[in-house]
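Participant: Please read through the structure below; I'll follow up with questions.
Just so you know, all these numbers are worked out from the coordinates, no wet-lab data involved. Predicted model, so just to flag it, every value in this text is computed and none were measured. Every residue, glycine among them, receives a Cβ derived from its backbone with ideal geometry; neighbour counts consider all protein chains shown.
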Amino acid sequence: MTDDEIIAAQAREIIGLRGEMREMRNAMNRVVIQIVCVGGPLNDNKLHYTPQQLVIFKKIVDELEDL
């Protein structure tokens, strides 16, 4: 492979990875919305989650928001 071919391959890979990252961030945002939205487990606990389950949901949200 020539340097130009290597650079082109790397550029294609970077573009693909940026797209994947954008999709992952969008998915993470949708997950957080599902967990924290009105009627969600961390809002009004409409579904009657146990305190232990709420702690797990909170840890998930914290992990996703740290990314």
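Participant: Using only the alpha carbons, work out the radius of gyration and Dmax of region 9-66 in angstrom.
Facilitator: Values for region 9-66 (Cα only, Rg and Dmax): 15.7, 51 Å.
Participant: Tell me the angle of helix 51-66 to the major Cα principal axis of the chain, expressed in degrees between 0 and 90 and rounded to the nearest ten.
Facilitator: Here the helix axis deviates by roughly 30 degrees.
Participant: Mind pulling the angle between the C-alpha long axis of helix 3-36 and the longest principal axis of the chain? Nearest 10 degrees, somewhere in 0 to 90.
Facilitator: 10
Participant: If I model a spin label as a point 7 Å beyond the Cα along the Cα-Cβ vector, how far apart are those points for GLN34 and ARG22 in nm?
Facilitator: Once both label points are built, they end up 2.3 nm from each other.
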